[in-house]
């Protein structure tokens, strides 16, 4: 009985210390990013290679954003994240890579000039939102979808200020948008105003122009 109580007490202590580790990770991230100006968070697949059209398009987009005075924030890994960090850094802009420690796929790319490592997904997700004036979502998997719908939910419920949420890649996202309209909206699960939160824009220059309508630098 005493041994069991000892284990319970040890677990409680571990849980308590986890709170301080979480606080420390928040503090480190906020201190690192406190001087960051208006920035755009870019999301997409870690599996995209440099020869892919979306890699090249993302690199071009990030360069245009940096040249226009925006910082660029990514998850700090390979694929679309690497392309965005590369485009921003080569254009002389703030290129933030917020890497998550994972056992596979995710490793830091060399192009971020501001690097932060995270143990906790939810802290990283808070930072994506906190310092973004827009989200640009390129083709990706579960993680990309997670970031997209979390942002839409927070905007829809007015937990955060509204900002542009742009999908690049109409061929990739078209089926999802059709489902949102023909199933979700038709069955009254979301409103027309909710659908209006999403824009599909394929041209990087048009993406930047759209963001500039909502942000004064």
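The values are calculated or read from the model by the stated rules, or taken from the named source; none is laboratory data. Values in this document were obtained by computation on a predicted structure and should not be read as measured data. Every residue, glycine among them, receives a Cβ derived from its backbone with ideal geometry; neighbour counts consider all protein chains shown.
Observations on the structure shown:
- Filtered residue count, the stretch 26-38, keeping only those that are surrounded by 14 or more Cβ atoms within 10 Å (Cβ to Cβ) and either within 11 Å of the chain's Cα centre (by Cα) or assigned to a loop (DSSP other than H, G, I, E, B) (or both): 2
- Matching option when the condition is in contact with a strand residue (DSSP E or B) (Cβ under 6 Å, 6 or more places away or on another chain) and under 22 Å from residue 209 (Cβ atoms), among 166, 155: 166
- Flag if residue 77 is modelled with pLDDT under 95, under 23 Å from residue 31 (Cα atoms) and touching a strand residue (DSSP E or B) at 6+ places or on another chain (Cβ under 7 Å): yes
- Checking every residue in the stretch 100-115 against the condition of being under 28 Å from residue 217 (Cβ atoms) and touching a residue at least 60 places away in the same chain (Cβ under 8 Å) gives at least one match.
- Taken as a whole, the structure places residue 145 among residues that are assigned to a helix (DSSP H, G or I), modelled with pLDDT of 95 or more and under 30 Å from residue 26 (Cβ atoms).
- Hits in the stretch 72-99 (condition: over 21 Å from residue 145 (Cβ atoms) and in contact (Cβ under 8 Å) with a residue 40 or more places away in the chain): 94, 96
- The stretch 191-211 - residue that is surrounded by 11 or more Cβ atoms within 10 Å (Cβ to Cβ) and free of Cβ contacts under 8 Å to residues at least 12 places away in the same chain and, of those, farthest from residue 145 (Cα to Cα): 209
- Boolean, residue 214 is modelled with pLDDT under 95 and either surrounded by 13 or more Cβ atoms within 10 Å (Cβ to Cβ) or assigned to a loop (DSSP other than H, G, I, E, B) (or both): yes
- Residue check, residue 180 at pLDDT 95 or above and over 16 Å from the mean Cα position of the chain (by Cα): yes
- Selection over the stretch 96-134 of residues that are within 14 Å of residue 34 (Cα to Cα) and assigned to a strand (DSSP E or B) gives a count of 5.
- Inter-residue pairs, beta-carbon under 8 Å, first more than 29 Å from residue 127 (Cβ to Cβ) and in the stretch 1-26, second modelled with pLDDT of 80 or more and part of a helix (DSSP H, G or I), 6+ apart: none
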